[in-house]
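Every number here is computed from the coordinates shown, using simple stated rules; none is lab data. The structure presented is a predicted model; accordingly, all values stated were derived computationally and were not measured. All Cβ positions, glycine included, derive from the backbone under ideal geometry; neighbour counts span all protein chains shown.
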Amino acid sequence: MKALRHWSVRHAGGLRRVYEAFRRYAPSFDGVVRLMGRERSEKLFLPLERVAKGLFFDCQMCGQCALSSTGMACPENCGKEMRNGPCGGVRPDEGCEVMPEMRCVWLEVAEGRKRMADEAPAESLLLPPVDQRYRGRSTWLQIVASENGLPVVEQRAALRALERPKYGFERACESGRFLVTVEITPPDSPDCTDLLKRAAYFRGLVDAMNITDGAGANCHLSSVAGAAVLTANGHTAVCQMTCRDRNRLAVQGDLLGAAALGVRNFLCLTGDDIRNGDHPGAKAVFDLDAVSLLGIARGLRDEGRFASGRKLDAAPNLFLGAAANPFMPPYADRVVNLEKKINAGAQFIQTQFCFDPGLLENFMREVRARGLHERCRILVGVGALRSAKGLRWMAQHVPGVHVPEKVIQRVANAQDQALEGKKILLETIAALRGIEGVAGMHLMGYKNEDMLADAIAESGLRTRVA
Ligand code: SF4
């Protein structure tokens, strides 16, 4: 099956021509469907389609076939059911984050699209979330009967600047100053004293603090509650929101709930593989991917409508961000994926950890060529670990993080490993600040707040006020 799946991608050009011919001529047979009746026709088409598409495409029968837009590679084979490009966890050998033995489906998509010589620019193609009512039904029959279940590939225009009041972090982003954000993990407790103590390290040093949402698929206090507590205590919070644990109803409810508690800024993420966390037996949701989540959040704000189309009584005022990972394959497609997120609604971007400024330079060259740095603010993720052992563990076990061996060795050979880690962080910040288009730094480090606050001050990103 898998061998044939690769064959289909290699022959995507020819298969697309077959598909187009089918799409053109099949509706002429809709009279036969009417004669046989919808139900009997489905019984006839379904087993044939399942066998043929299963054999050639490893098709999972979502009932809204997107093969002609995805280079004849079925996106339903993706471990996170992504519909709009790769997640940040693709492995260095191009293996899938969730199923390492499988090549990332989205690398196959890119290959197939090249062979199809698809003229539609990849960044403008936004596949809507799967409509679960069509799952397991025949797409062929929908084409013959000219029905509407097929996914409409949306082509969205660049983000319009909307007139609405702007607050803390959004204003900082618009000010043009070099930005500083930091990531904080919520506590394993309803008592937020420790969270506030850790946040206090950054008072006056950062433009916003991200509150993670089950980072690494580990359970903590919810990001909505954490962001609300920070906001109530005078901090500017960015609430991270993943698709791993919520379907489209829950995510919209949480966006409105957080906005009701004064939280304005959201980082829209797909989420890490659930099997890497502390509840590996739990069911991952992935009803949406980060691109769809951005589109839905933007719809709440700009159109005042739920994803269903139902009107809200009042639209929330949201400032939306997304993540990017320039440090893992497919390197060439990472900028396309970034543009897709900007088209979907991202106004700021925070990247994965950067331990290799050279890779970031390559990424930013393409970002500038496409003018993306002028359409959103790009903050580069940086951080330090206290030991070489920690760095090596991160490189081996945290999907999407690239730590060059020479960085690990430099820390391992140092007498004071924590100090060396901090030195590397300061050097990285200095190197990244010089890259045109980089709008700020996003500092990360699990329960390492004191060191990160020192690094912000020592690097000259901000001055500590006594
Ligand atoms: S690496 Fe990510 S995007 Fe690629 S197939 Fe696996 S889960 Fe999907």
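Dipole size in debye (nearest 20) for the chain around its Cα centre, Lys and Arg Cβ +1, Asp and Glu Cβ -1?
Numbers: 62 positive and 54 negative charges, 187 e Å.
Around 900 debye, computed over the chain.
If neighbour count is taken as other Cβ atoms inside 10 Å, put TYR201, TYR25, TYR134 in order from fewest to most. Numbers along the way, then the final one.
On the way: TYR201 17, TYR25 11, TYR134 20.
Ascending Cβ contact count within 10 Å gives the list TYR25, TYR201, TYR134.
Taking each residue as 0.36 nm, the span from ALA21 to ALA457 lengthens on full extension beyond its C-alpha to C-alpha distance by 150.6 nm.
Taking square-rooted eigenvalues a ≥ b ≥ c of the alpha carbon gyration tensor, is the chain rounded, prolate or oblate, where a/c under 1.5 means rounded and, failing that, a/b exceeding b/c means prolate? The shape class here is prolate. Take every DSSP beta bridge whose two residues both sit in the chain; close to 10 percent of them are antiparallel.
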